[in-house]
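A.B. asks: Mind having a look at this structure? Questions to follow.
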Amino acid sequence: MTLQPFHLAFPVHDLAAARAFYGGVLGCGEGRSSDRWIDFDLRGHQIVAHLDPAARPASATNPVDGHDVPVPHFGVVLDWDDWHLLAARLEASGIAFGIAPHIRFAGEVGEQATMFFRDPSGNALEFKAFRDINQLFASA
């Protein structure tokens, strides 16, 4: 399967904080920018932080496997080992997790490692990895 990069534009209330978080904490390369937006390379995908000083995070959640999953959220499905490296890096940097790194559906179809956290503007992110990537779209 050949995947094409996705593009996501999202609001942030502070571009400097977004630059520090996405560039510094998550290690995203920076592309073009202006005084109103910044392009980031999120593992080959183009995400764009757009300045909106009035931006406020969404507070909706959905119950999944005993956790309140924030909606909306975005992120990337990583390789199993890369997910563990990122989780350790985020823990070491002091990220406050909304849902701490853990294994969901252990021993079941779709077993996955997942974690949720928010950027400085309150945008929710989820990074996950499947023990078997072929189960990414498994139905049961």
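A.B. asks: What whole number of Å gives the distance from the Cα centroid of segment 82-102 to the Cα centroid of segment 24-47?
C.D. replies: With segment 24-47 and segment 82-102 each reduced to a Cα centre, they are spaced 20 Å.
A.B. asks: Let me ask something else. Please identify the chymotrypsin sites (Phe, Trp or Tyr not before Pro) of segment 26-123 that satisfy two criteria: DSSP loop assignment and at most 11 other Cβ atoms within 10 Å. Which are they? Walk me through the numbers on the way to the answer.
C.D. replies: Numbers: sites: 37, 40, 74, 80, 83, 97, 105, 116, 117; in loops: 105.
Here no loop site has a sparse enough neighbourhood.
A.B. asks: Is any residue of segment 68-90 close enough, with backbone N under 17 Å, to a label point placed 7 angstrom from the Cα of residue 104 along the Cα-Cβ axis, and if so, which?
C.D. replies: Once the point is set 7 Å along Cα→Cβ of residue 104, 68-80, 83-84, 87 turn out to lie under 17 Å by backbone N, inside segment 68-90.
A.B. asks: Please compute the net charge surrounding residue 43, taking Lys and Arg as +1 and Asp and Glu as -1 over other residues with Cβ under 11 Å from its Cβ. All intermediate terms of the calculation are to be shown ahead of the outcome.
C.D. replies: Numbers: positive: none; negative: 41, 79, 82.
Around residue 43, the charge tally is -3.
A.B. asks: Arrange the residues 114, 2 by how much accessible surface each exposes, largest first, with a 1.4 angstrom probe.
C.D. replies: Details: 114 0, 2 125 Å².
Greatest to least solvent exposure: 2, 114.
A.B. asks: Here's another thing I want to ask about it. Using only Cα atoms, tell me the angle between helix 80-93 and the longest principal axis of the chain; keep it within 0 to 90° and round to the nearest 10.
C.D. replies: 50
A.B. asks: Can I ask one more? Only bridges with both residues in the chain count here: give the DSSP antiparallel percent, nearest 5.
C.D. replies: If we restrict to bridges inside the chain, about 75 percent are antiparallel.
A.B. asks: Treat every Asp and Glu Cβ in the chain as -1 and every Lys and Arg Cβ as +1, leave all other atoms uncharged, and give the resulting dipole magnitude about the Cα centre to the nearest 20 debye.
C.D. replies: 240
A.B. asks: What number, in nm² with one decimal, is the all-direction average of the projected area of the convex hull of the alpha-carbon atoms of segment 6-140?
C.D. replies: Details: hull surface 33.1 nm².
The orientation-averaged projected area of the Cα hull of segment 6-140 comes to 8.3 nm².
A.B. asks: To the nearest 10 Å², what's residue 139's accessible area with a 1.4 Å probe?
C.D. replies: Solvent-accessible area, nearest 10 Å²: 120 Å².
A.B. asks: Could you please state how large a percent of the accessible area of the chain is carbon and sulfur, counting protein chains only and using a 1.4 Å probe? Walk me through the numbers before you get to the answer.
C.D. replies: Values: 4150 of 7800 Å².
That fraction is 53 percent.
A.B. asks: Please work out the average accessible area per residue across the chain, using the 1.4 Å probe convention, and give it in Å². Walk me through the numbers on the way to the answer.
C.D. replies: Values: 7800 Å² over 140 residues.
Accessible area per residue: 56 Å².
A.B. asks: Rounded to the nearest 0.05, what FRET efficiency is calculated for residue 131 and residue 17 with R0 set to 30 Å and r the Cβ-Cβ distance? Each step should come with its number before you reach the end.
C.D. replies: Numbers: r = 34 Å, r/R0 = 1.14.
Using R0 = 30 Å, I get an efficiency of 0.30.
The values are calculated or read from the model by the stated rules, or taken from the named source; none is laboratory data. Owing to the predicted nature of the structure, the values given are computational and were not obtained by experimental measurement. With ideal geometry, Cβ positions are generated from the backbone for all residues, glycine too; neighbour counts draw on all protein chains shown. These area figures cover heavy atoms from the full protein model, side chains too; ligands, DNA and RNA do not enter into them. Shrake-Rupley method; radii C 1.70, N 1.55, O 1.52, S 1.80 Å.
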